[in-house]
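Take a look at the structure below.
The values are calculated or read from the model by the stated rules, or taken from the named source; none is laboratory data. All figures in this text were calculated on a predicted structure; none of them were measured in a lab. For neighbour counting, all protein chains shown are included, and Cβ atoms are generated from backbone atoms with ideal geometry for every residue, glycine included. Only protein heavy atoms, including side chains, enter the accessible area calculation; ligands, DNA and RNA are left aside. Shrake-Rupley method; radii C 1.70, N 1.55, O 1.52, S 1.80 Å.
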Amino acid sequence: MKRILVTGASGQVGSDLVVTLRERYGSENVLASDIREPEGAVGRGGPFEIVDCTDHGVMEQAVVRFKADTIFHLAAILSAVGEADPHRAYEVNLGGLENTLDVARVRECAVFIPSSIAAFGPSTPPDPTPQVTIQRPTTIYGVTKVAGELLADYFHLRFGVDTRGVRYPGLISWVTEPGGGTTDYAVEIFYEAIRKGRYTCFLKPDAQLDMMYMPDAIKASIEVMEADPVRLINRNAFNIAAMQFTPEKLADAIKKHIPDFTIDYDVDPLRQGIADSWPKRLDDTAAREEWDWEPDYDLDAMVEDMLVNLRKKLA
Ligand code: NAD
Ligand code: SER
């Protein structure tokens, strides 16, 4: 039976991942942790501890006390927040990851490390973006994600740590709001559509990005950790993809359910610049071939499920 520590568990991904991990492996076997208290099911459904991943000793004590054999390392500072405080982004995203990998080396844990579409930059082929290609990101978040991918490979090759990971596209979910990224518009739009029937978007109408519904992201994270290691050629930083859309296309899909919904645009140059530097579509052939990756949700299925669940949540 696995004993799992999740860092950054109070965030957008953790709020969904912890619940699924507890259903799969037993609540008592999943320790959620973060530097802030969780809301909702994560706090109620099993153990939670305050753990700062930038503190090596605190991380190691948490692993030892809980007898963890697997770490899902989600703690991070996202793209837009990272640009406001690059030093903090570096400390958390790289310092915290290095601590996690070092504790995993000593305490013999497997580690899941999420990378991102942000690990690519303006010189990367954007459509489709190959699994192995140019990675010259222009955000501090992206810099830490590329370095994190390399660090994960290094700990596997040098010390045999079982590191695995995926490059998440922009993630859409109704459970917890996102933590300050460039793709947050694709969540905000649903809240505003239900509450006000209109949304002012901070990206341009034609800003296409690679996106994914949270249930698929959770499925990918668990499947890659359970994959047969013999089949893994890439191991870390698998491209995964499910859908690609622009703000305009997403608004059209929402209008099918809320015909009076309107969208207008007040473009934020910082986040538009970041979006312009990221892939429009990831090529996820390697994930499909090496561990049978396949998403369940396309744009229309995601929009329908988001509206049903968010309406219940906001009622
Ligand atoms: P989030 O911002 O919602 O959550 C991150 C959590 O990390 C927060 O709860 C925060 O309190 C916590 N945290 C910050 N500093 C910490 C520290 N020092 N120690 C412990 N916890 C700390 O982010 P998320 O969307 O849940 O992202 C999870 C992972 O997925 C990150 O690695 C992120 O880069 C990656 N990712 C997310 C997306 C997305 O669209 N959400 C896309 C690509 C990759
Ligand atoms: N959703 C994330 C962001 O916008 C991408 O990793 O920062």
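Restricting attention to segment 147-177 and to residues that are among the charged types (D, E, K, R) and open to solvent by less than 30 Å² (accessible area, probe 1.4 Å), the residue that is nearest to ligand 2 (Cβ to nearest atom) turns out to be Arg167. Among the residues of segment 178-206, those identified as touching a strand residue (DSSP E or B) at 6+ places or on another chain (Cβ under 9 Å), within 16 Å of ligand 2 (Cβ to nearest atom) and open to solvent by 10 Å² or more (accessible area, probe 1.4 Å) are Pro178, Thr183, Asp184, Glu188, Phe202, Lys204. Going by the conditions given, is Phe261 among the aromatic types (Phe, Trp, Tyr), within 17 Å of the chain's Cα centre (by Cα) and surrounded by 19 or more Cβ atoms within 10 Å (Cβ to Cβ)? No, not satisfied. Gly43 meets each of the listed conditions (1) at pLDDT below 95; (2) surrounded by 15 or more Cβ atoms within 10 Å (Cβ to Cβ); (3) in contact with a helix residue (DSSP H, G or I) (Cβ under 7 Å, 6 or more places away or on another chain) apart from (3).
Among the residues of segment 152-170, those that are in a helix (DSSP H, G or I) and touching a helix residue (DSSP H, G or I) at 6+ places or on another chain (Cβ under 6 Å) comprise Phe155, Phe159.
Contact annotation: residue pairs with Cβ atoms under 8 Å, 6 or more positions apart or on different chains, pairing a residue in segment 76-97 that is farther than 20 Å from Leu151 by Cα with a partner that is among the acidic types (Asp, Glu) and crowded, with 19+ Cβ neighbours inside 10 Å, are Ala80/Asp184. Among the residues examined, Gln244 does not qualify as surrounded by fewer than 18 Cβ atoms within 10 Å (Cβ to Cβ), of a type in the set (S, T, N, Q) and not in a loop (DSSP other than H, G, I, E, B).
Once segment 247-289 is narrowed to residues that are β-branched (Val, Ile, Thr) and part of a loop (DSSP other than H, G, I, E, B), the residue that is farthest from ligand 1 (Cβ to nearest atom) is Ile258. Taking the criterion of being touching a residue at least 12 places away in the same chain (Cβ under 8 Å) and either over 24 Å from Asp305 (Cβ atoms) or of a type in the set (Val, Ile, Thr) (or both), the residues of segment 252-272 that qualify are Ile254, Ile258, Thr262, Ile263, Asp264, Tyr265, Asp266, Val267, Asp268, Leu270, Arg271, Gln272. Scoring Thr182 on the criteria (1) closer than 23 Å to Met212 by Cα; (2) touching a Lys or Arg at 6+ places or on another chain (Cβ under 6 Å); (3) away from ligand 1 (no atom under 16 Å from the Cβ) leaves a single failure, condition (3). Residues that are within 14 Å of ligand 2 (Cβ to nearest atom) and modelled with pLDDT of 95 or more do occur in segment 121-131. When the helices (runs of 4 or more DSSP H) confined to segment 48-146 are screened for residues that are open to solvent by less than 10 Å² (accessible area, probe 1.4 Å), those reaching at least 2 such residues are found at 56-66, 79-84, 96-107.
The listed residues are Arg24, Arg65, Arg44, Arg3, and the only one of them that is under 19 Å from Thr176 (Cα atoms), more than 14 Å from ligand 1 (Cβ to nearest atom) and of a type outside the set (Asp, Glu) turns out to be Arg44. In segment 6-26, what residues are hydrophobic (A, V, I, L, M, F, W, C), in contact with a helix residue (DSSP H, G or I) (Cβ under 6 Å, 6 or more places away or on another chain) and buried (at least 22 other Cβ atoms within 10 Å of the Cβ)? Within segment 6-26, Val6, Ala9, Leu17, Val18 meet the criteria.
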